[in-house]
């Protein structure tokens with residue numbers, strides 16, 4: 001009920017960090033687009049964690065820019 005009485009506030013946050021899937025991590029542009037799409041549509045923590053494990057299994061440890069991207073997806 002409280003949500004109905006509180007005004008919606010839009011916020012913007014600027015973060016000075018690289019957030020992407022580097023070409024050196026995922027070479028195929030098509031594969032990268034598919035993964036970005038999947039990431040942006042996940043809303044539950046366990047589903048994000050599952051995708052991270054899949055990425056590690058398929059491509060190896062996440063490089064820092066990919067880790068940053070995952071953290072931002074978790075925050076959204």
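A few comments on the model shown:
- Complete set of residues in the range 61-76 that are more than 8 Å from the chain's Cα centre (by Cα) and modelled with pLDDT under 95: 75, 76
- Any hit, the range 43-54, residues being surrounded by 12 or more Cβ atoms within 10 Å (Cβ to Cβ) and not in a helix (DSSP H, G or I): no
- Matching residues, the range 53-70, being without any contact (Cβ under 8 Å) to a residue 40 or more places away in the chain and within 14 Å of residue 19 (Cβ to Cβ): 62, 67, 70
- For the range 31-42, a residue qualifies if it is in a helix (DSSP H, G or I) and either more than 23 Å from residue 14 (Cβ to Cβ) or without any contact (Cβ under 8 Å) to a residue 12 or more places away in the chain (or both), and the qualifying residues are 31, 32, 33, 34, 35, 37, 38, 41.
- The set of residues in the range 57-70 being loosely packed, with under 12 Cβ neighbours inside 10 Å and in a helix (DSSP H, G or I) consists of 57, 58, 64.
The values are calculated or read from the model by the stated rules, or taken from the named source; none is laboratory data. All of these numbers come straight from a predicted model, not from anything done at the bench. Here Cβ is always computed from backbone atoms with ideal geometry, including for glycine, and neighbour counts include all displayed protein chains.
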